[in-house]
Amino acid sequence: MKKILRAGIISILLLTIVQITGCSGKNQEEAMAQPKTVKLALSGMHCEGCVNTIQKSLAKTEGVISNSVSLEDSIAVVSFDPAKADEQKLILAVENAGYKARLAQ
């Protein structure tokens, strides 16, 4: 009997939370959007300091989940939440750090 009562209370609490927050299955799916990964071709880097500057600028960009910058290949691989960022925002973050960027092919 206690298990049934406990399950009923939990169900009521969950329904209340859904009503208060407006959270539904659709919103949960949108919130769990798959991250997108892109490669950016970079120019203007000369040393590891340049790499660190670009990595920090990308990391501070809203929506960026992770990034990796290669001095040798002049490439940045960036994973981001497409609901919060896009390719242009990433390019702008690199340019604001003082370097050039474009989508790599």
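For the range 60-78, no residue has its backbone nitrogen under 12 Å from a point 7 Å from the Cα of GLU95, taken along Cα to Cβ. Ranking VAL78, GLY98, LEU58 by Cα position along the charge dipole of the range 26-102, where only Lys, Arg, Asp and Glu carry charges on their C-beta atoms, puts GLY98 farthest toward the positive end. If you take the alpha carbon atoms of the range 33-105 and fit the smallest convex hull around them, that volume is 70 Å³ per residue. The trypsin sites (Lys or Arg not before Pro) found in the range 32-62 that occupy coil by DSSP, while having at most 11 further C-beta atoms within 10 Å, are LYS60.
Each value in this text was obtained by applying a stated rule to the coordinates, not by laboratory testing. None of these values were measured; they are calculated from a predicted model. Heads up, the Cβs are rebuilt from the backbone with ideal geometry, glycines too, and the neighbour counts pull from every protein chain shown.
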